Amino acid sequence: MPQPETIFFDIAAVAIMAITLASLVLRRIVSGPSGRVYLTSMGLVTLTAIACLASNVPAPPAPQELRAALQIAYYALLSLTAPMYLVLIATVTSTTHRLNSGNAIRAALWTPMIAVIALIATNPLHHLVFTYTAALHRGPLILALYLSAAYYCAIGLFWIIRWRKVLTHDEFATLTMLYPIVLASVAIQFFRPTLHVEMFFTSIAMMMISAFVIRPEVTLDSLVNAASLPAYREMCRRAFITGRPLCLTYLEIINLEKLRELVGKDEIQTLVQQVSNNLSTTLQLDDTLFYLRNGLFCIASRWVNADRALAIAKRAHEEGRSRDQMREQPQGASSHPEQEPRSPFSPMMRICVLSVPDDVPNEATLKAFVRRFAHLLPDSRVTAYAELARQPGFSVQIALSNIVARAISNRSFEIHYQPIYNVATGTFRSAEALIRLHDPEFSWIPPSLFIPEAEQSGAILDIASIQLEKTCAFLSRIDLDALGLDYIEINLSIDQCIRPGFAAELLALLRRHGIDPRRLNFEITETSSAFSHEMVTDNIRTLTTAGASFSLDDYGTGFSNVMRVLELPFSLVKFDKCFTDHLDDPTVRTVLSDSVAMMHALNKQTLAEGVETESQAKTLIALGLDYLQGYFYAKPLPEPDFLTSLAHPPSP
């Protein structure tokens, strides 16, 4: 009969398991394949420790048959811990598909475990594993349990080393270090059977895995109760390294920003939580819900069945639309008076289903797709990636990040110049420098594509720097007076306007090229002028003092704050193309006429953008605009064509 001091380690093991399981519940670490497998492993180790403790507790006396049954349960559970640890390693490394890649591999992996469990279960017939009389006596086949554990430990250690590239440093160190710790405890208990340290060290190992491998604080977004963006990125990285198939369903709330303006930040957080909870109810056992950013979710399934996922997504989308339609019915129109009234805050979703690696062959392509998701699928509908891939321009959208990076590296952006018509003189007196991108693989890339991509990726400063450098180099080679031009206009981005010291850097560039600042007119948008007011103002005033002039671009599309026009030294206000496009509307003409008169009263000149027809030009001239810009007069031209066009004055 074991003495009380021999079970102290078993008691400690059960206590450690209880504490760790309690922390799992408090930290909500039960979602996702890794979390579920780890929770199963914890349950197995806990039951094993309890069985070990129960089979060795010295008092009160228990029948010999009961102790023998508890010992069988302990040995059977113990024989499962090493294979379960192997499954946990495969789950963490995203390689479970490789453990099930063929009948031969499955047989080699699981036959020893099944054989040992069968040996333990039949012990009452042959008594070769152990016998229980007054005390426990190990039989000759007890060695089979240790050989089986060593077999699975060897496979697990090989697996960790084989897939070390997908593990972080902490994960690799923890998973590797646990083997010598556990094997040492097994050796101690093998040679000192009365010293029950095996489950104690195993419980310590499981606690270390929780802290350094599962890491719920990193993998869980507690605000929406879904897996986090870092966890999503890690899943994708590992899937492409290991070749693990995935079915990914992306769901994004289209009208999130509009809803935020209506209900505020706190209510939006509640709405996102509700969407997350609703999506969680559709998950199957091997599915994981991730929250990526700004209303974008991803459901990842280990079992690839894109058709099934697409059908589920469409059904969920239709159910959501049906609920919204029911809410939109006027009171009394429904036969179900208990239905809730229409909510003006219903989220609209865009959904796309894809398979990895069938649809998306590498991680870079997947990142590009997620970044361009809203542009590829602008409306509220459900579709498959293969359907989107057939759309014109899809390959350009996916490759856009590489296209921009290549153009920056090669400095292959071109500057085209669009002449601006002076109504008073009937000639071109200025021109706007516009950046263009010609890619050797995809030809011309419109600014409406590469500019937003550059702003999102942070490359806009590099592009703006190239534009300024090339424009200044061009100005240093020509004589503006001889061409009849007063100045060249250049757009400044928000990122440039808010940078401390930007004005000093720009003036140094002008001095290096020998350019008079009075020959440049810088355009900033309404949004830029309202962004970081103090820094924008400092940069503008520094450049204005040096002789440069400024235009307020796209007036009428932002907040149209007249106080900003008064505060900053704008000499020209450029009315957005939306006014020109709607000149047939009497209200638009009235607003434009009054705005032009107001700007003239403030001693500001005015320009209309997007002039494409003679009718528009005549109407705008009649409304009092000082300058006109658009394809009716001239399109943006490369340097040689631009210089040629200046020799042919426009028709009045």
Do we find that S395 is polar (S, T, N, Q), in contact (Cβ under 8 Å) with a residue 24 or more places away in the chain and assigned to a loop (DSSP other than H, G, I, E, B) in this structure? no
Number of the exception - W110 against (1) under 26 Å from E171 (Cα atoms); (2) modelled with pLDDT of 90 or more; (3) buried (at least 19 other Cβ atoms within 10 Å of the Cβ): (3)
So if I check each of R215, R244, R238, which one is of a type in the set (K, R) and free of Cβ contacts under 8 Å to residues at least 24 places away in the same chain? R215
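Which of the residues belonging to the range 425-460 are of a type in the set (A, V, I, L, M) and in contact with a strand residue (DSSP E or B) (Cβ under 9 Å, 6 or more places away or on another chain)?
Across the range 425-460, the qualifying residues are A431, A433, L434, I435, L437, I445, L449, I451.
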All but one of (1) over 18 Å from the mean Cα position of the chain (by Cα); (2) surrounded by 15 or more Cβ atoms within 10 Å (Cβ to Cβ); (3) over 30 Å from K165 (Cβ atoms) hold for E252; which doesn't? (1)
Quick check on my filter: what residues within the range 190-207 are exposed (fewer than 15 other Cβ atoms within 10 Å of the Cβ) and either modelled with pLDDT of 80 or more or of a type in the set (S, T, N, Q) (or both)? T194
Out of everything in the range 62-98 that is within 31 Å of the chain's Cα centre (by Cα) and farther than 18 Å from Y179 by Cβ, what residue ends up being most open to solvent (accessible area, probe 1.4 Å)? R98
Would you check if R238 is assigned to a loop (DSSP other than H, G, I, E, B) and among the basic types (K, R)? no
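Yes/no matrix, rows are residues, columns are (1) in a loop (DSSP other than H, G, I, E, B); (2) on the phi > 0 side of the Ramachandran plot; (3) at pLDDT 90 or above; (4) open to solvent by 70 Å² or more (accessible area, probe 1.4 Å):
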| residue | (1), (2), (3), (4) |
| --- | --- |
| L552 | no, no, no, no |
| G558 | yes, no, no, no |
| T580 | no, no, yes, no |
| L583 | yes, no, yes, no |
| A597 | no, no, yes, no |
| K618 | no, no, yes, yes |
Sole exception among (1) outside any helix (DSSP H, G or I); (2) open to solvent by 60 Å² or more (accessible area, probe 1.4 Å) for P230, by number: (1)
Complete set of residues in the range 381-427 that are under 22 Å from the mean Cα position of the chain (by Cα) and among the β-branched types (V, I, T): V382, T383, V396, I398, I403, V404
For the range 402-435, name all the residues that are of a type outside the set (K, R), open to solvent by 40 Å² or more (accessible area, probe 1.4 Å), closer than 28 Å to F373 by Cβ and touching a residue at least 12 places away in the same chain (Cβ under 8 Å). N402, A405, S412
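Just a yes or no: is a residue in the range 495-513 within 29 Å of V611 (Cβ to Cβ) and either assigned to a loop (DSSP other than H, G, I, E, B) or in contact (Cβ under 8 Å) with a residue 60 or more places away in the chain (or both)?
Within the range 495-513, none of the residues are within 29 Å of V611 (Cβ to Cβ) and either assigned to a loop (DSSP other than H, G, I, E, B) or in contact (Cβ under 8 Å) with a residue 60 or more places away in the chain (or both).
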I'm trying to understand the selection: among the residues of the range 133-189, which are open to solvent by less than 70 Å² (accessible area, probe 1.4 Å), aromatic (F, W, Y) and under 41 Å from the mean Cα position of the chain (by Cα)? Y152, W159, W163, F172, Y179
Answer from I155, I114 - the residue that is in a helix (DSSP H, G or I), out of contact with any His (no Cβ under 7 Å at 6 or more places or on another chain) and closer than 27 Å to S301 by Cβ: I155
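The values are calculated or read from the model by the stated rules, or taken from the named source; none is laboratory data. The model shown is predicted, which means the values in this text are computed figures rather than measured ones. When we count neighbours, we look across all protein chains shown, and the Cβ atoms used for this are built from the backbone with ideal geometry, even at glycine. SASA here: full protein model, heavy atoms, side chains in, ligands and nucleic acids out. Shrake-Rupley method; radii C 1.70, N 1.55, O 1.52, S 1.80 Å.
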